[in-house]
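> First, the structure itself, so that you have it in front of you.
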Amino acid sequence: MTDLMVEATGVIKDYKISQGLFRGKEILRAVDKVSLSVSRGETLAIVGESGCGKTTLAKIMLGLLEPDGGVVKLCGKPLNEISRLELAKLVQPIFQDPYSSLNPRKTIGSIITLPLKVQGDLSPETWKQRVLTTMDLVGLPSRMLEQFPNQLSGGQRQRVAIARALINRPKIVICDEPTSALDVSVQSQILNLLNELRKELELTYVLISHNLAVVEHMATRVAVMYFGKKVEEAETEQLFKNPKHDYTKTLLDSILVPDPRSARKNN
Amino acid sequence: MTIEPSSTTPKSSSVYTRFVGHQGVMVGAFIVLSIFVLALFAPILAPHDPYNQDLLARLIPPVWDSRGSWEHIFGTDHLGRDYLSRLIYGARISLLIGFGAAIISGLIGTIMGVMAGYFGGRVDMVVTFLITVRLSMPVVLVALAVVAIVGGSLQVVVMVLGLLLWDRFAVVMRTSTLQIRSMDYVAASQAVGCSTPRILMTEIMPNVVNNLIVIATLEMAHAIILEAALSFLGLGVQPPLPSWGLMVSEGKDMMLFEPWLITIPGVALFLLVLAINLMGDGVRDITAPENRN
């Protein structure tokens, strides 16, 4: 039996929308009783349209947002019982936009060193070596150590973000649209890198995306979200072949094929 | 992997070269530095004692006037005090008030604004309310009232201006913190396990500090002008201290026939305020990360 890395049961998140000073507040349920589980080494993709609660769910799993209901367990331990530093060692994010995920005032070196510094790592003399090893791991040349984010390309920035996420060797990585801000040619490089790293470091991924081609390439299992609810969950192959929920069907139909005429004939 | 040619030749021009290359900041810094040196070495540089009255040598015009002499380059005032010496000593007061008020109000405004922007919710409500309250009070009127009650002195003027001019700091710091707070690198540093003070100091502050510098220069200039106004109204720095505003005020009765009495300190004020503003603009240009290349 594979052990569960992420286990979310009935997670709820509400946003209160103020409608004016003397009017009541409307409640928007961004995440509605979502239950998920991810086993070790698996890549679970969460797909759905913009505003369906994918990112909110990711932030809850990262401990950046407090859920209004339900429990999230990481490695069998409830989130609110894990300390800030312990949590940081367990789960790390990779964000969508590498242009806003790196502090423009810091050098690449200090951005990647930060997790070591924060953890109060005992041997500062090894930091530089470990930073260089990690940079090498994600394919960044060591001369970028002293450069600033605005001197790097989008793909290189995303590699920096990956290096920062991986330097403390987390067990779970939550990728929130890791490639949607990148050029197509760079996208595949980053996706292949993520796949290789998963094997090499035995990572568990939660991949949030609305790009179904990315999902098909990366995921072992797919959860489909629609208006805050999880409407379907299945193995990737099964989902793409035999979608059950209407929304999933629409979603799959929206994939553009190179030759629509022949695709129609096949159906 | 492929490496873009641009990144192989990092043109990391240092802050120094960018500073030297920026005309506005060079002019501004030169003027401010000159006035600063004048203020610092006033006892050595001033040709006469600024308090020494000579009633026989009253209202001598400056040297470019046909009646002027090199003895008193900028002439003398209505009590026969050397105008150049008073101007040099006055620079001390203007700079002291400018820096003092900007530091006090900057501290108050930055703390309030950053807290409001970062924490949001109730904290933001309270700070926004305080800003609104402060904005609804006319600065000059309140300053006048306070100075009239407490009594005018250099310290009181610095304190009053410092406690009144934090509004723009708070407003600007709040909005720029709000903007930075929504950036992914703040979320990333939270996920990495940074404590809130650490995030404020290493992620938020470095990215809002250029706005802070710009506002600080604006408010410094504002405070210097307000001090001049207060002194002009007789409630700022008290005579015989030589403040530039006070010099304008004392000269206003003789404005028609001895116009240099107000033009000279007026031009000095104008130059100092202009130079500070030039410097602020330049510092913003230089420190912006977009311009690093």
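The values are calculated or read from the model by the stated rules, or taken from the named source; none is laboratory data. This structure is a prediction, so every number in the text was calculated from the model and none was measured. When we count neighbours, we look across all protein chains shown, and the Cβ atoms used for this are built from the backbone with ideal geometry, even at glycine.
> Please pick out the residue among B:201, B:173, B:115 that is among the hydrophobic types (A, V, I, L, M, F, W, C) and farther than 22 Å from residue A:63 by Cα.
Values: B:201 fails: farther than 22 Å from residue A:63 by Cα; B:115 fails: farther than 22 Å from residue A:63 by Cα.
So the residue among B:201, B:173, B:115 that is among the hydrophobic types (A, V, I, L, M, F, W, C) and farther than 22 Å from residue A:63 by Cα is B:173.
> Read through the list (1) touching a helix residue (DSSP H, G or I) at 6+ places or on another chain (Cβ under 8 Å); (2) touching a residue at least 60 places away in the same chain (Cβ under 8 Å), then give the number of the only condition that residue A:38 fails.
Exception for residue A:38: condition (1).
> Between a residue in the range B:249-260 that is under 19 Å from residue B:66 (Cα atoms) and in contact (Cβ under 8 Å) with a residue 24 or more places away in the chain and any residue that is in a loop (DSSP other than H, G, I, E, B) and among the small types (Gly, Ala, Ser), which pairs come within a Cβ distance under 9 Å, given they are 6 or more apart or on different chains?
Close Cβ pairs satisfying both conditions: B:258/B:75; B:260/B:75.
> Those residues that are part of a loop (DSSP other than H, G, I, E, B) and more than 10 Å from chain B (Cβ to nearest Cβ), I need them from the range A:77-106; list them, please.
Pass one, the range A:77-106, residues part of a loop (DSSP other than H, G, I, E, B): A:82-83, A:95-106.
Matches in the range A:77-106: A:82 only.
> Next up: Among the residues of the range B:164-208 satisfying the criterion of being of a type in the set (S, T, N, Q) and crowded, with 23+ Cβ neighbours inside 10 Å, which is farthest from the other protein chains (Cβ to nearest Cβ)? Break it down stepwise before answering.
Within the range B:164-208, the first condition is being of a type in the set (S, T, N, Q), and the residues that meet it are B:175-177, B:179, B:182, B:189-190, B:195-196, B:202, B:207.
Add one more test, that the residue is crowded, with 23+ Cβ neighbours inside 10 Å, and what stays is B:177, B:189.
Details: B:177: 14, B:189: 7 Å.
The residue in question is B:177.
> Exactly one of these conditions fails for residue A:115: (1) assigned to a loop (DSSP other than H, G, I, E, B); (2) in contact with a helix residue (DSSP H, G or I) (Cβ under 9 Å, 6 or more places away or on another chain). Give me its number.
(1)
> Step by step: first the residues of the range A:136-162, then only those that are within 12 Å of chain B (Cβ to nearest Cβ) and aliphatic (A, V, I, L, M), then the one that is surrounded by the most Cβ atoms within 10 Å (Cβ to Cβ). Which residue is that?
Here the residue is A:161.
> Working carefully through the options A:64, A:74, A:132, find the one that is at the interface with chain B (Cβ under 10 Å from one of its Cβ atoms) and among the hydrophobic types (A, V, I, L, M, F, W, C). Please lay out each step first, then the result.
Working: A:74 fails: at the interface with chain B (Cβ under 10 Å from one of its Cβ atoms); A:132 fails: at the interface with chain B (Cβ under 10 Å from one of its Cβ atoms).
Going through A:64, A:74, A:132 in turn, the sole match is A:64.
> Here's something else I'd like to know. Being buried (at least 16 other Cβ atoms within 10 Å of the Cβ), touching a His at 6+ places or on another chain (Cβ under 7 Å) and β-branched (Val, Ile, Thr) narrows it down to one of A:34, A:47, A:38, so name that one.
Working: A:34 fails: touching a His at 6+ places or on another chain (Cβ under 7 Å); A:38 fails: touching a His at 6+ places or on another chain (Cβ under 7 Å).
Just a single option satisfies the conditions, and that option is A:47.
> Let me ask something else about it. Does residue A:213 fit the bill of being within 13 Å of chain B (Cβ to nearest Cβ) and aliphatic (A, V, I, L, M)? Quick ask: steps written out before the conclusion?
Details: within 13 Å of chain B (Cβ to nearest Cβ): no; aliphatic (A, V, I, L, M): yes.
When the stated conditions are applied, residue A:213 does not pass them.
> Looking at the range A:38-56, is at least one residue at pLDDT 90 or above and among the small types (Gly, Ala, Ser)?
Yes - at least one qualifying residue is present in the range A:38-56.
> Which condition number in (1) part of a loop (DSSP other than H, G, I, E, B); (2) modelled with pLDDT of 80 or more is the one that residue B:52 fails?
(2)
> A further question follows. Among the strands (runs of 3 or more DSSP E) contained in the range A:165-267, which hold 1 or more residues that are among the hydroxyl-bearing types (Ser, Thr, Tyr)?
A:204-209, A:221-226
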